[in-house]
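The values are calculated or read from the model by the stated rules, or taken from the named source; none is laboratory data. Here the structure is a predicted model, which means the values were calculated and not measured. Cβ: placed from backbone, ideal geometry, glycine included. Neighbour counts: every protein chain shown. Remember, those area values only see protein heavy atoms, side chains included, never the ligands or the DNA or RNA. Shrake-Rupley method; radii C 1.70, N 1.55, O 1.52, S 1.80 Å.
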Amino acid sequence: VQAAEETGGAVFADLGPAPDTEAVPAGQVYTAVAKQFAALGARNFLFETLSSDAGLLDAVGAIKAEVPDAFVMVSFAVLPDGYTREGMYCKDLARRMQESGIVDVVGLNCVSAPGAMRTLAKQLGGTLPLSVMPNAGYPVVTRTQVKYQGRPEYFARELGRLAAEGTVQILGGCCGTTPAHIAALRAELDSLPVVEKTTPTEEFSTVKEQTVENEDAFLRKLNAGEKVIAIELDSPRNADLTGYLEGAKKLQAAGADLLTIADCPIAQARMDSSLVACRVHRELGLCTLPHMTCRDRNLNATKALLLGLSMEGVHNVLLVTGDPIPTEERDEVKSVFNFNSRKLARYVTSLNSTVLTSPFRVFGALDLNAKNFDIELRRAQEKEENGVVGFLTQPVLSAEALENLKRARETLQGKLLGGIFPVVSHRNACFLNNEISGMRVCDEIIDLYAGKDRDEAEALAVTISTRIAQEITPYTDGLYIMTPFRRVELIKKIIEAL
């Protein structure tokens, strides 16, 4: 502040994105840092390169309470398609800042180049002054260096056009911008005539209203209050789908309302769940629910896949965070987690109102065997807030899981499909308990399988699964039956017994 006194320039306390965890929420981090700045005399605050507004307004409120005359700018890092890396839509973020009544300027910075950011800024609109600070083009990686090759003249010309349109009141630069870029921008702005701000007429979204006119048979039955049966059948590990389609056809004939396909369970590669779902839907006319994990799929890949599913008429999807790649493989295979299942649900729900002509119905997973089910329930409620309409639960194979299912029924608003896993042997039960996350087989059930041969164990699996199905039916909207080792005939026997 002292160094800037002679120039009359404004000095801003700069706060980048804060980590947001259950133990330490982002709002707590922002507030602590902002108060340190305020104690040192800061009166202007810039929150920049944000991909989410989690905890942000709490911190801004704390700043205004401590420094009533504080000037607060909030700037989001947005991809050229209008979404942050956490799947949040720029217009929604800007609207929340405008409606807060405590933010003075909202805008965009980083990620996008001048041309792309100019397009985004023209579509934000609203009542607050807007700021724009693009990168100097896009980065080029050369050996160990990252370079931005955008020229000052182009940078200045694109931002000058934005200023001439009266859309933006504060202009600047982010990554790759140099004194030459800022000098060129200053010269460009000085050459422009003074104009009044105009209200943008363009809209970022061409999709205004969404209606669900062509619900599939599964959804019609579910929404009518009838009990449904969903069957999970893992896709093959090779490129031959012949046997899989034959199994799916048998399950359809047995009475399955929906086929669900896991997305590379336990992080082992299988045929893509979404492609399999499209093929089954196209050839058999069977309703499908592909699972989609957050693992190894970034924002662009997720959006592209959803557009492909929509084209094929598949409009149901189950979102899960996904198992990480096992540690010993990480030297060669990297896990990519851009977001968790709650954030992914919010992203898909946002796409429903922007680019998807037919909205997706988003389902989530519910772990009835979680060690701390209170946390699991809270996360499920957050999923519902982000657009999840129903849950497929982990298997009920213990008294604790049944009690947790009852609690879920009392707490959650969405549909519940209760998990059934037919244990096929004593060895299978022990494996599930020790090596599969989210599974819990009680000792009583494990002991029943001791000494049983294959046929005896299969008959026992039908008996136990049928009994569990009857126990959970009062608390569910249907059943979610998992097929162990692709034993389709076993699942048929269970459906017949039901």
Going residue by residue through the stretch 118-125, is there one that turns out to be modelled with pLDDT of 95 or more and hydroxyl-bearing (Ser, Thr, Tyr)? no
What pairs come out if I take residues in the stretch 374-387 that are on the phi > 0 side of the Ramachandran plot and pair them with residues that are open to solvent by less than 40 Å² (accessible area, probe 1.4 Å) whose C-beta lies under 7 Å away, six or more apart or interchain? GLY387/ALA345; GLY387/VAL348; GLY387/VAL362
Please indicate, with yes or no, whether at least one residue in the stretch 80-97 is among the polar types (S, T, N, Q), in contact with a Ser or Thr (Cβ under 9 Å, 6 or more places away or on another chain) and over 25 Å from SER341 (Cα atoms). no
Over the stretch 391-418, the set of residues surrounded by fewer than 23 Cβ atoms within 10 Å (Cβ to Cβ) and assigned to a strand (DSSP E or B) is LYS415, LEU416
Which residues, taken from the stretch 432-453, are open to solvent by 70 Å² or more (accessible area, probe 1.4 Å) and at pLDDT below 95? ASN434, GLU435, SER437, ARG440
ILE261 vs (1) farther than 18 Å from ARG297 by Cα; (2) open to solvent by less than 70 Å² (accessible area, probe 1.4 Å); (3) β-branched (Val, Ile, Thr): all pass except (1)
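Every residue, every condition in (1) under 21 Å from the mean Cα position of the chain (by Cα); (2) among the small types (Gly, Ala, Ser); (3) part of a strand (DSSP E or B); (4) at pLDDT 90 or above, yes or no:
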| site | (1), (2), (3), (4) |
| --- | --- |
| TYR244 | no, no, no, yes |
| ALA256 | no, yes, no, yes |
| LEU275 | yes, no, no, yes |
| HIS281 | no, no, no, yes |
| THR302 | yes, no, no, no |
| PRO324 | yes, no, no, no |
| ASP331 | no, no, no, no |
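For the stretch 375-384, state whether one or more residues are in a loop (DSSP other than H, G, I, E, B) and surrounded by fewer than 24 Cβ atoms within 10 Å (Cβ to Cβ).
Let us first name the residues in the stretch 375-384 that are in a loop (DSSP other than H, G, I, E, B), namely none.
Among the residues of the stretch 375-384, not one is in a loop (DSSP other than H, G, I, E, B) and surrounded by fewer than 24 Cβ atoms within 10 Å (Cβ to Cβ), which makes the answer no.
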Scanning the stretch 461-488 for residues that are of a type outside the set (Val, Ile, Thr), more than 15 Å from SER425 (Cα to Cα) and assigned to a helix (DSSP H, G or I), which turns out most open to solvent (accessible area, probe 1.4 Å)? GLN470
Test for LYS492: is it assigned to a loop (DSSP other than H, G, I, E, B), open to solvent by 30 Å² or more (accessible area, probe 1.4 Å) and of a type outside the set (Phe, Trp, Tyr): no
